[in-house]
């Protein structure tokens, strides 16, 4: 530029710098959320920052801390699931991992997004309207953003959608009143792709493009991500006196400060000769594998798993995701084949003496060949065991052919194409049949849940996801992940969330169940755990005091494992209706066979507070229910109560 101001390069580095070739591809955010591993969130972000800077990228459009409350929405896999507390914890650790102290060439700028409410769209589609009460906005959707600001996030992206009739990109209440005046945000606000233009050409709350730019800037926007008429029209608005130079200087100062902090004036370019010494280094590859192992959920197991190589010599493998790079997930470029282990490759690596007979169903669920389904059904009868790898298609280089991901929303939660027929025909062989799902959103595989002996939710487990899946199948890794999102039976159950209000199922559905297919927090292991001796440090406390809840967890099986111990709370009677339970803490607990450990949670006033009928934040006196267990399902939880005086 004329003044030698360096460019800040941003990229959607959502799970690693995966949107560019030759980078470490970690599992997607929903995998990370299912691991309930905040240390892993920090490490992945930190390593991603190093790989970004190695290829001259300075700014990631992550973490996506929206609260995913509609399984039809294509971006579920990009989030940390449906729970505000979990999303807050992982979002904060990601911000810290990306940014560090923002004073080194290994740090990048984090961007908390999308502000706000786009993850509960009225019809499940990306960018459609959102109508939410201020209570819901503040209690469900704001907490991760507020915590992100407090953690030091220095950029924020507004959401595609309108919120209660006001486009988020021209919403002064969001960008100024809440973000800056209430929370003290000191970074800059950036638009999403062409969404300032949509104030005019979609939402129609501006009469032309220039007016849209005016509305957005005056509401608090600092940077336009993309817009070919932005510069000249903003200059015109200043020359006309509608926008002051001081307002422009505010935004310019915020952006320049970040460029200075990132050291771009001193070092505007990366060292090309050093780039590949940093990207894909062994430490990063190992973390990609470890995080995949920790984020794959065992949904069902009637005893067929783990597999014994001596019992199943001939295994038929089929399905659209069995041997495809699609395990990388959305926001992934095509990577070199030697840097990706597909599920079929992982099986052959982990069990080299087993004969794996692969029946290729292609990659496209919408155009499956009935003859290949028939072939798989025939071969299934001759096999000792069958593995079907089904799900969605997410790779961005086939943008219009995807079934999952950004701008790829669904009106149902069924498996697309002939996938259900494939599963049913393979199962009809009479041989044990295992289903592995590769997808970003929850899928309502109700028939499979009723009939198959084992189901694994792999989500999009990244570059070494195939190895991790195979290690879990054959028992080399004991699964520990728990669902970070409720899995409905069908789209007809939406909204299906664990932290619903008491009256949500006062009248159950006719004909079909009102219960989910799998509860939030559910996930099986190859060992078993027993919870006992839930104890509170007091029967009653003064308002403003802490209380401790302790529980004994015992590994009652014959394998070492990691149990994710979950703490839920409920205000039993309150001035406004409250959720039946809310996650307020969790611990990843390693246990050897027969080993017991006591887990102690500190329940602070912040964990008990909510907005009362006058929208005042605080703790109301009365009885609180403490619930601790291995999932949000009532039957999994020990309960006790205490009173706040």
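The values are calculated or read from the model by the stated rules, or taken from the named source; none is laboratory data. Bear in mind that the values here come from a model prediction, so they are computed numbers and not experimental data. With ideal geometry, Cβ positions are generated from the backbone for all residues, glycine too; neighbour counts draw on all protein chains shown.
The set of residues in region 326-345 being part of a helix (DSSP H, G or I), surrounded by fewer than 24 Cβ atoms within 10 Å (Cβ to Cβ) and out of contact with any strand residue (DSSP E or B) (no Cβ under 8 Å at 6 or more places or on another chain) consists of 337, 338, 339, 345.
With 442, 461, 479 as the choices, which residue is in contact with a strand residue (DSSP E or B) (Cβ under 6 Å, 6 or more places away or on another chain), within 21 Å of residue 408 (Cβ to Cβ) and in a loop (DSSP other than H, G, I, E, B)? Explain how you work it out, then say what you get.
Details: 461 fails: in contact with a strand residue (DSSP E or B) (Cβ under 6 Å, 6 or more places away or on another chain); 479 fails: within 21 Å of residue 408 (Cβ to Cβ).
Answer to the selection: 442.
Selection of region 207-265 for residues being in contact with a strand residue (DSSP E or B) (Cβ under 7 Å, 6 or more places away or on another chain) and on the phi > 0 side of the Ramachandran plot yields only 220.
Hey, does region 64-77 have a residue that's part of a strand (DSSP E or B) and either within 15 Å of residue 190 (Cβ to Cβ) or in contact with a helix residue (DSSP H, G or I) (Cβ under 9 Å, 6 or more places away or on another chain) (or both)? Yes, the conditions are met somewhere in region 64-77.
In region 348-359 there is no residue matching the filter, namely being within 29 Å of residue 71 (Cβ to Cβ) and touching a residue at least 12 places away in the same chain (Cβ under 8 Å).
Right, residue 227: farther than 25 Å from residue 123 by Cβ, assigned by TED's automatic domain parsing to the domain that holds residue 117, touching a helix residue (DSSP H, G or I) at 6+ places or on another chain (Cβ under 7 Å) and crowded, with 22+ Cβ neighbours inside 10 Å or not? No; evaluated as a whole, the condition is false for this residue.
Surrounded by fewer than 22 Cβ atoms within 10 Å (Cβ to Cβ) and either in a strand (DSSP E or B) or under 22 Å from the mean Cα position of the chain (by Cα) (or both), is that true of residue 410? Give the derivation first.
Values: surrounded by fewer than 22 Cβ atoms within 10 Å (Cβ to Cβ): yes; either in a strand (DSSP E or B) or under 22 Å from the mean Cα position of the chain (by Cα) (or both): yes.
For residue 410, the condition - surrounded by fewer than 22 Cβ atoms within 10 Å (Cβ to Cβ) and either in a strand (DSSP E or B) or under 22 Å from the mean Cα position of the chain (by Cα) (or both) - is met.
Residue 56 meets each of the listed conditions (1) crowded, with 24+ Cβ neighbours inside 10 Å; (2) in a loop (DSSP other than H, G, I, E, B) apart from (1).
Just give me the residues in region 86-119 being in a loop (DSSP other than H, G, I, E, B) and surrounded by 23 or more Cβ atoms within 10 Å (Cβ to Cβ), in sequence order. Selection gives 108, 110, 111, 116, 117, 118, 119.
Does residue 18 meet the test of being out of contact with any helix residue (DSSP H, G or I) (no Cβ under 6 Å at 6 or more places or on another chain), part of a loop (DSSP other than H, G, I, E, B) and buried (at least 24 other Cβ atoms within 10 Å of the Cβ)? So residue 18 passes the test. Residues that are free of Cβ contacts under 8 Å to residues at least 60 places away in the same chain, buried (at least 17 other Cβ atoms within 10 Å of the Cβ) and not in a helix (DSSP H, G or I) within region 236-293 comprise just one, 243.
When residues in region 195-235 are screened for being without any contact (Cβ under 8 Å) to a residue 24 or more places away in the chain and farther than 27 Å from residue 11 by Cβ, 6 of them pass.
Taking residue 523, is it in contact with a helix residue (DSSP H, G or I) (Cβ under 8 Å, 6 or more places away or on another chain) and not assigned by TED's automatic domain parsing to the domain that holds residue 625? Before you say what the answer is, go through the steps one by one.
Numbers: in contact with a helix residue (DSSP H, G or I) (Cβ under 8 Å, 6 or more places away or on another chain): yes; not assigned by TED's automatic domain parsing to the domain that holds residue 625: yes.
Considered against the rule, which asks whether it is in contact with a helix residue (DSSP H, G or I) (Cβ under 8 Å, 6 or more places away or on another chain) and not assigned by TED's automatic domain parsing to the domain that holds residue 625, residue 523 comes out as yes.
Per the conditions (1) in contact with a helix residue (DSSP H, G or I) (Cβ under 9 Å, 6 or more places away or on another chain); (2) in a loop (DSSP other than H, G, I, E, B), the sole criterion not satisfied by residue 578 is (1). Of all the numbered requirements in (1) in contact (Cβ under 8 Å) with a residue 24 or more places away in the chain; (2) in contact with a strand residue (DSSP E or B) (Cβ under 9 Å, 6 or more places away or on another chain), residue 411 misses one, and that requirement is (2). Residue 587 passes every criterion in (1) outside any loop (DSSP other than H, G, I, E, B); (2) on the phi > 0 side of the Ramachandran plot apart from (2).
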